[in-house]
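Just below is one structure, and these are the notes that go with it.
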Amino acid sequence: MFRGRSKHTLDDKGRLAIPARFREVLDRKGDLCLMVTSRDNCLWAFTRDDWQTLEEKAANLPLFDKAGIAFLRGFISSAVECHVKSGRITIPPSLREDAGLKKEVVLAGQLKKFEIWDRARWEEEFERVKDAFPEASPSLLELRI
C-alpha cells in the first residue's frame with residue numbers, strides 16, 4: 001500500500017524520483033512499472049496489477065452510457081506506462097500539462113494508488129480537505145476498528 005507524502009523536484013525532462021517506500025510496493029508486486037493518468041488537477045499512479053483490475057471493470061461499462069464514455073475518454077485514454085528506471089519515472093509532457101506540474105511536486109500515498117501534485121496546488125488542496133474533512137460520512141463510519 002502507498003502511504004505518506006513527500007516533496008520532490010521534477011527535472012527539465014520530466015523525471016521524478018519515486019520514494020523508496022513506494023518502490024518497495026512495486027518490488028513486492030514484482031513489477032517496476034506504474035500506470036499514470038490525469039484526474040482532479042493531479043496525476044494518479046497505480047501498479048499495473050491494480051490498473052488491470054480497474055480496466056477489467058471499465059471494459060464492462062455499458063457501451064452507450066454517457067458517464068462511462070466520459071470516464072473512458074478522460075481517465076483511461078490519458079493513461080501512460082511509466083517504467084521505474086534508476087528509481088525514477090519520466091512523466092510525459094501531456095500529463096505534466098494536464099496536472100499543471102512545474103518543478104516542485106508532492107507525492108501523496110492513497111493506499112492502492114498515489115497522487116502526484118504540483119506543490120502549490122497540493123498545499124491549496126490539503127488546506128481545503130483538512131478543513132472539510134467529513135466527520136460523519138456514511139462510508140467513513142464503516143472504517144471503525
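A short reminder: the numbers here are calculations on the coordinates, not readings from a lab. Please read these numbers as outputs of a predicted model, since none were measured by experiment. Positions of Cβ are generated from backbone atoms using ideal geometry, with glycine treated the same way; all protein chains shown enter the neighbour counts.
Per-structure values
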item: Estimated dipole of the chain in Debye, rounded to 20 [Cβ of Lys and Arg +1, of Asp and Glu -1, Cα centre]; result: 400
item: Ranking of Arg121, Arg128, Arg39 by count of other Cβ atoms within 10 Å, fewest first; result: Arg128, Arg39, Arg121
item: Bins of 5 Å, starting at 0 and running to the largest distance - Cα pair percent for the chain; result: 2, 9, 17, 20, 18, 16, 11, 5, 1
item: Phi to ³J(HN,Hα) by Karplus 6.51 cos²θ - 1.76 cosθ + 1.60 over region 11-16, Hz, x for Gly, Pro; result: 8, 4, 8, x, 7, 9
item: Selection from Gly109, Thr53, Phe22, by position along the positive dipole direction of the chain (Cβ); result: Phe22
item: Distant-in-sequence amide H partners of Ile18 (H built 1.01 Å from N, under 5 Å); result: Arg88, Ile89
item: Phe64, Phe2 arranged by Cβ crowding within 10 Å, fewest neighbours leading; result: Phe64, Phe2
item: Under the Karplus curve 6.51 cos²θ - 1.76 cosθ + 1.60, θ = phi - 60°, whole-Hz ³J(HN,Hα) for region 99-113, x wherever Gly or Pro sits; result: 9, x, 6, 10, 8, 8, 10, 10, 9, 10, x, 9, 6, 8, 8
item: Percent RCO, i.e. relative contact order, over region 5-141, from Cα pairs under 8 Å lying at least 6 residues apart; result: 34
item: Expected 222 nm ellipticity per residue - DSSP helices of 4 or more, -39500 (n - 2.57), all of the chain, to 500; result: -10000 deg cm²/dmol
